[in-house]
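Engineer: Dumping the structure here so I can ask a few things about it.
Taken together, the values in this text are just the output of simple stated rules run on the coordinates, not laboratory data. The shown structure was predicted, so the numbers you read here are calculated from the model rather than taken from an experiment. Cβ coordinates were reconstructed from backbone atoms using ideal geometry, including for glycine residues, and neighbour counts include every protein chain displayed.
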Amino acid sequence: MSARTTRLLLLLAAFLAGLGTIFAIVLLVVRPETAAMVPSAAAIGGPFRLVDQNGQAVTDRDFKGEPYVVFFGFTHCPDVCPTTLMELSDVLDKLGPDAARIGALFITVDPERDTPAELKDYLSSFNPRFKGLTGDLAAIAQVAKSYRVYMKKVPLDNGDYTMDHTALVYLMDKNGKFVAPFNLKRRPEDAAADLRRYL
């Protein structure tokens, strides 16, 4: 085989490899259902049965027909959780009367300490639309898994503990389907306008 033939075969192989890559990208863009096979686009969310800050049973079916945001955190969280809840409170305030048509869930990753009473006291500092949810460890672990939430107890030197956890805000549509992580790093008015699109 001549050097020229070898070069031509290598060029042809490179061309076919590039064509295959382009075809795969086009397939993902043109056929959204293919994206479901990609791990990063795995389904997020699902059925749950927990207890709110008033001791009432709450399930995912209670939010059918309205979009809602979900944030996982815990009441002993020193910074990320209160900051996120404050930012979400600002967004809900900017929605005005429309806020009544949007659910806002705060699901604890620390059910050992976050009783309904503890959640009620904690959430009293934020927008009254927040529904705090807790349950036994198995129920919390199940809902965290369905939302792809990482959570881990971390012992502290003083014998206490804190919780490492995913700090995303999940935007769910009226059918309980995951839309996207909800961006709070913008003006509350802009975030509120974004939420209105899902009413």
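Engineer: Find how much the distance from residue 164 to residue 86 grows on full extension, using 0.36 nm per residue of separation minus their present alpha carbon separation; answer in nm with one decimal. If you can, show how the numbers build up before the last one.
Structural biologist: Details: separation 78, 0.36 × 78 = 28.08 nm, distance 1.97 nm.
Gain on extension, residue 164 to residue 86, equals 26.1 nm.
Engineer: Oh, and also: Which far-off residues, 5 or more places away or on another chain, put their amide H under 5 Å from the one on residue 53, with H placed in the peptide plane?
Structural biologist: 132
Engineer: What pairs from 152/174; 64/120; 145/174; 145/177 go past 19 Å between their alpha carbons? Could the numbers behind the result be given before it?
Structural biologist: Working: 152/174 30 Å; 64/120 24 Å; 145/174 21 Å; 145/177 15 Å.
Exceeds cut-off: 152/174; 64/120; 145/174.
Engineer: What residues qualify as long-range amide H neighbours of residue 107, i.e. H under 5 Å apart, gap of 5 or more or another chain, H built at 1.01 Å from N?
Structural biologist: 71, 72, 73, 133
Engineer: Here's something else I'd like to know. Which value in nm describes the separation of the simple spin-label points at residue 125 and residue 141, placed 7 Å from the Cα toward the beta carbon?
Structural biologist: That separation, rounded to one decimal, is 3.0 nm.
Engineer: Given R₀ = 45 Å, what would the calculated FRET efficiency be for residue 117 paired with residue 199, taking r from the Cβ atoms and rounding to 0.05? Spell out each step's value before the answer.
Structural biologist: Values: r = 33 Å, r/R0 = 0.72.
That pair, residue 117 with residue 199, gives E of 0.90.
Engineer: How do 154-163, 83-92 rank on mean C-beta neighbours within 10 Å, highest first? Walk me through the numbers before you get to the answer.
Structural biologist: Numbers: 154-163: 10.2, 83-92: 19.5.
Most protected by this proxy first, the peptides run 83-92, 154-163.
Engineer: Whole number please: convex hull volume per residue of the Cα set in segment 46-199, in Å³?
Structural biologist: Working: hull volume 16.0 nm³, N = 154.
Here the figure is 104 Å³ per residue.
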